[in-house]
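Some notes on the structure that comes next.
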Amino acid sequence: MPFEFNRAAIPEVVVIRPRLIRDGRGFFMESYKRSDFAAHGIGEIFVQSNHSRSVTGILRGLHYQKHPKAQGKLVRTVFGEVFDVAVDLRRGSPTYGQWVGLTLSARDATMIYIPAGFAHGFCVVSEEAEVLYMTTEEYTPAEEAGVVWNDPDLAIDWPVTEPMLSERDRDWPRLRDAQNNFDYAPGPLPAH
């Protein structure tokens with residue numbers, strides 16, 4: 001199998017490690033295979049792909065789209081390294097307001113799947129980084145929302161204290177004041 005799937009501390013978030021085949025020419029990997037992902041509980045269809053380039057200290061996030069255009073995301077770094085974060089926004093969830101974070105590096109091609117109902121953000125920790133992510137819904141400005149990166153109720157342990165932010169990201173509300181229409185629906189998790 002070309003992928004290893006592991007649940008994060010918030011079990012709906014999945015860390016995915018592809019198998020890299022290296023030789024003197026470089027490497028080859030499968031970055032997505034619908035049948036393997038579906039067999040491990042990620043059955044959504046991805047409909048949009050986004051690519052960003054940023055320099056060290058840039059923080060993008062914490063972003064999400066509300067229903068009916070809520071997005072699941074499959075995120076990977078294709079150049080450099082970022083600290084990537086997912087925050088549970090689902091009211092009634094046992095992990096509501098909690099976050100998971102991990103380093104995504106182009107060196108090992110680790111990916112993270114973040115389902116709808118979570119805010120997403122990342123901070124560049126290398127000199128430069130390029131992030132590629134696929135989404136399960138197209139970008140819809142009317143449903144765009146966010147949570148401020150340094151919300152004290154979240155207490156995210158970012159690797160920077162004074163990141164470079166867009167004006168929009170600087171002005172997002174705290175989670176307790178954010179527009180949020182996600183509710184937790186308990187159910188069994190697929191085996192990994």
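The values are calculated or read from the model by the stated rules, or taken from the named source; none is laboratory data. No experiment lies behind these values; they were computed from the predicted model shown. Cβ coordinates were reconstructed from backbone atoms using ideal geometry, including for glycine residues, and neighbour counts include every protein chain displayed.
Values for this structure:
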item	result
Test: residue in the range 154-166 that is touching a Phe, Trp or Tyr at 6+ places or on another chain (Cβ under 9 Å), closer than 27 Å to PHE46 by Cβ and among the small types (Gly, Ala, Ser)	no
Selection from the range 66-80 of residues that are of a type outside the set (A, V, I, L, M), farther than 13 Å from TYR133 by Cβ and touching a residue at least 60 places away in the same chain (Cβ under 8 Å)	LYS66, HIS67, PRO68, LYS69
Strands (runs of 3 or more DSSP E) within the range 16-83 that include 3 or more residues farther than 21 Å from GLY146 by Cβ	21-23, 26-28, 73-79
Residue in the range 126-133 that is in contact (Cβ under 8 Å) with a residue 40 or more places away in the chain, part of a strand (DSSP E or B) and among the hydroxyl-bearing types (Ser, Thr, Tyr) present	yes
Neighbours by Cβ (under 7 Å, 6+ apart or cross-chain): first from the range 1-27, modelled with pLDDT under 95; second of a type in the set (Gly, Ala, Ser)	PRO18/SER31; PRO18/ALA109; LEU20/ALA109
Residue match in the range 164-178 (condition: at pLDDT 95 or above, surrounded by 19 or more Cβ atoms within 10 Å (Cβ to Cβ) and under 22 Å from VAL14 (Cβ atoms))	no
Enumeration of residues in the range 145-165 that are touching a residue at least 40 places away in the same chain (Cβ under 8 Å), β-branched (Val, Ile, Thr) and farther than 25 Å from LYS66 by Cα	VAL160
For LYS66: the one exception among (1) over 18 Å from GLU137 (Cα atoms); (2) surrounded by 13 or more Cβ atoms within 10 Å (Cβ to Cβ)	(1)
Pair list, Cβ under 6 Å, 6 or more apart: the range 43-57 residue closer than 17 Å to CYS123 by Cβ and touching a residue at least 24 places away in the same chain (Cβ under 8 Å), other residue in a loop (DSSP other than H, G, I, E, B) and acidic (Asp, Glu)	THR56/GLU127
Residue match in the range 85-97 (condition: at pLDDT 95 or above, within 15 Å of the chain's Cα centre (by Cα), surrounded by fewer than 17 Cβ atoms within 10 Å (Cβ to Cβ) and not in a loop (DSSP other than H, G, I, E, B))	no
Which numbered condition GLU128 fails, given (1) surrounded by fewer than 20 Cβ atoms within 10 Å (Cβ to Cβ); (2) in contact with a Lys or Arg (Cβ under 6 Å, 6 or more places away or on another chain)	(2)
Unmet criterion (only one of (1) under 27 Å from ALA178 (Cα atoms); (2) surrounded by fewer than 17 Cβ atoms within 10 Å (Cβ to Cβ)) for ILE21	(1)
Matching residues, the range 72-105, being in contact with a Lys or Arg (Cβ under 8 Å, 6 or more places away or on another chain) and aliphatic (A, V, I, L, M)	LEU104
Members of the range 98-125 that are within 16 Å of the chain's Cα centre (by Cα), surrounded by fewer than 17 Cβ atoms within 10 Å (Cβ to Cβ) and part of a loop (DSSP other than H, G, I, E, B)	GLN98
